[in-house]
Amino acid sequence: MGGVSVSEDRLAPLAEGIRPAENSRETPVTLISPRLEAALFRNVLFLTARTLVRQTLTQAWFRVWLVVILGGGLWLGLLGLFAEGFQFLETTIPYADLVEQTVRYVFGTFFMALTIMLMISGAILLHGGLFRAPDTAFLMTQPVRIERIFLTKFAETVLLSSWAFIILSTPLLLGYAQVVEANWPFYVALLPYLVSFVYIPAAGGAFVCLLLARFIPKLGRMLVVVGILLAILGLLAFFQWISWLPRNQFLNVQWLERTLDRLSITQFRLLPSWWLATGLLAMAAGNYRDGVMFFLLILANALFLQWCCVQLAGKIYQPAYLALASRLEKRAIRRRNLFDRVILEEFRGIPAFARQLILKDIRLFRRDPVQWSQLLVFVGLLVFYFLNLRRFYYEQFYFAWVNLVSFLNVAVVALLLTTFTTRFVFPLISLEGPRFWVLGLMPISRRAILWSKLGFALVLCPLPCALLVLLSDAMLNVEPYVLLAHQWAMFLCCLGLTGIAVGLGARFPNFRAFSAARIASGFGGTVNLVLSTVFIVVILVLAGLPVHIRMIAESSFLLPTVTARISLNPLLVAWLTYGPLLAGGVTLAAMAVALYVGMRHFERLEF
């Protein structure tokens, strides 16, 4: 299971209970006891985890240290940011009860949002583990209980969800504990609280996954798409509703009162997120009696919901799995949609085989909602943020602040594009491995295959990024030449990042992996992420920053206390004048080097 061989000598004592039934025609074998079965699975999972850790530390040590350093730096930055935020509340709001109420509402909103996200991600992860994982088909043929298979996959889902939840939650909680000077029992109870809580949304996702797979199997992909879209729209509508205020009411008493009133839904007493927030706040305040009570409440509900999921899985999991495995899909021949016709008919300058390859990659991408839904979540959050920029109405007061925010928004979109190219564009060559023999029989050179991957990336990336930057600049009402500078910087980022991702994807292919996420998390994906980050920093400094420096230097109303203009030395003038042109040269050079290295290695590669 999981590609790890387990020693027969170590597992033999656990499997002694499996014996043929002597006088039974209905049951050819008798199952081992649940205790021995649990020990057997626990031993296999332990050996699998140990092997994966050893392989990661020996084969991908660079990636491990890079993740630890960058992730640790980000975590410490969030910890300091949250601590400063709570300290700001303590010193700004003069009433202690209002501070306590504000903190309670912040915790409730934060954990309620994470609960919804954990339910959605848990349902998606569990569906992949229960119905699409290769080892599940093997386990279905073994003399083990269906409930044990479900429990194993459910435990894997909880493990994948818990570490992300803990990393996101601990900076907020530890920042608050630092400000209120919480005692040691709070730190002792923190991890058990968070781990116990994860089981509740994971169980909710398991209920949704099992029921949909059993009773609506034919609409699986459509339901995933609709569910993701509804969840995103629901979150956006919720945040839009709680943040709506007139433009002249921001960061004042009326704003705080209306915001807390709209967030009152997070204080519903039957919400598990309210139990978690209230219990942790009680532990931080020294009220250990209430803290222990809420912990036991969360633990009891987690155990009960897990038991309910196991009972439900014992009744409907196997029929749902068999129905999905035996169902023959009737794939109708679909006509080309408008987007397909544009690719095939409007780009006559591109060879026909290259257009077909580009269209093939686009169809594979849009038919996999697990891939594009991740991008859709980030884009949706950015759109929501950009649409609410004008509500802050800062451009009337701080001219330099608006320029800084518009520049940072461009940087955020560039970082999102870096993540996208690393996650989806870099693995394109590696994903062709299992079916590369088909391409090898066609009269197409490997160089043409590489160019088609670059064309696919350039079809998807520039337009959404340009629209996001345009929306941000329009909401901030920046000057036209600033808008053009941002578009130029984003266009260069799209060209360079796609070229780097395609070139390095051909230089560091992994044809043994079938998952794009696993390919992107390997050594080549880590190198691509680092080099892409360095590239966008260079491009933003050369192409995006000069226009803002010039505006600040030539402005007579930088801040309410500054009216003098800044004198520019010749070197700075040269940077502000020729920086955008130099950025174009750097982009072309980065693309040329990455594609040359990738093509050279890819053409010599033997399959």
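The values are calculated or read from the model by the stated rules, or taken from the named source; none is laboratory data. None of these values were measured; they are calculated from a predicted model. For neighbour counting, all protein chains shown are included, and Cβ atoms are generated from backbone atoms with ideal geometry for every residue, glycine included. Surface accessibility is based on the protein's heavy atoms, side chains included, excluding ligands, DNA and RNA. Shrake-Rupley method; radii C 1.70, N 1.55, O 1.52, S 1.80 Å.
Points worth noting:
- Judged by the mean number of other Cβ atoms found within 10 Å, the most tightly packed of the peptides 418-428, 111-121, 47-57 leads the ranking 418-428, 111-121, 47-57.
- Stretchable slack from ARG447 to ALA164, in nm (0.36 nm times residue separation minus alpha-carbon distance): 97.9 nm
- Projected label points at TRP307 and LEU271, each 7 Å from Cα along the beta carbon direction, are separated by 2.8 nanometres.
- Area accessible to solvent at TRP275, 1.4 Å probe radius, in Å²: 30 Å²
- Based on protein heavy atoms only, the range 43-144 ends up with 59 Å² per residue of surface accessible to a 1.4 Å probe.
- Global geometry of the range 35-88, whether rounded, prolate or oblate, following the gyration tensor of its Cα atoms and the 1.5 cut on a/c: oblate
- For the range 478-548, applying the loop criterion from DSSP together with a ceiling of 12 other beta carbons within 10 Å to the trypsin sites (Lys or Arg not before Pro) yields ARG512.
- Computed from the C-beta positions of ALA300 and LYS360, the FRET efficiency with R₀ = 45 Å rounds to 0.30.
- Solvent-accessible surface of protein heavy atoms, probed at 1.4 angstrom with all chains present, puts ARG145, ARG35 in the order ARG35, ARG145, largest first.
- Packing around the peptides 453-465, 154-166, 83-95, taken as the average count of other Cβ atoms within 10 Å per residue, puts them in this order, highest first: 453-465, 154-166, 83-95.
- Compared with the alpha-carbon gap, the fully stretched path from TRP184 to ARG289 is longer by 36.3 nm at 0.36 nm per residue.
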